[in-house]
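Structure, as structure tokens:
The values are calculated or read from the model by the stated rules, or taken from the named source; none is laboratory data. Being a predicted model, the structure only gives us computed values, none of them experimental. Cβ sites come from the backbone with ideal geometry, for glycine too, and all protein chains shown count toward neighbours. These accessible areas exclude ligands, DNA and RNA; they are computed on the full protein's heavy atoms, side chains included. Shrake-Rupley method; radii C 1.70, N 1.55, O 1.52, S 1.80 Å.
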Amino acid sequence: QVQLVESGGGLVQPGGSLRLSCVASGSIFRLYVMAWYRQAPGKQRELVARITTGGTTNYAESVKGRFTISRDNAKKTASLQMNSLKLEDTAVYYCNANYNKAYWGQGTQVTVSS
């Protein structure tokens with residue numbers, strides 16, 4: 001069983017930045033494909049960014065050039081640096097780990113508002 005704990009959400013003005021972190025349990029973090037998803041009110045959960053075990057990344061078109069996903073295998077942490085935040089980035093952000101099956105964190109709220 002993999003447990004994921006997210007942190008770093010909050011309220012930020014448009015154009016601002018936030019950094020989300022996800023700490024995973026277990027001893028084989030390096031084998032997990034890590035990702036961040038988000039779900040806005042009334043919308044389906046969507047993939048924001050993913051990073052493979054080898055460090056290859058991919059992003060949703062809506063966040064390319066603004067968000068950066070990274071991982072630190074020694075700290076068993078995946079992070080999402082979010083810059084130039086927009087109102088439409090408001091959502092609950094979920095950390096996801098995939099190794100034979102998918103594991104989810106509890107979610108962290110990101111609110112972009114003036």
Problem - Residues (surrounded by fewer than 18 Cβ atoms within 10 Å (Cβ to Cβ) and among the polar types (S, T, N, Q)) located in the range 91-107 - result: 98, 100, 106
Exercise for the section: Among the residues of the range 64-85, write down those that are under 30 Å from residue 114 (Cα atoms), outside any strand (DSSP E or B) and not hydrophobic (A, V, I, L, M, F, W, C). Expected result: 64, 65, 66, 83, 84
Completion exercise
Within the range 1-24, of all residues that are open to solvent by less than 40 Å² (accessible area, probe 1.4 Å) and in a loop (DSSP other than H, G, I, E, B), the one nearest to residue 74 (Cα to Cα) is 2
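Only one residue in 61, 88 is of a type in the set (D, E, K, R) and either surrounded by 14 or more Cβ atoms within 10 Å (Cβ to Cβ) or assigned to a loop (DSSP other than H, G, I, E, B) (or both), so which one is that?
Every option except 61 fails the conditions.
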Problem - First in the range 27-56 and farther than 15 Å from residue 72 by Cα and in a strand (DSSP E or B), second anywhere and open to solvent by 40 Å² or more (accessible area, probe 1.4 Å) and of a type in the set (Gly, Ala, Ser), Cβ under 9 Å, 6 or more apart - result: 46/62; 48/62
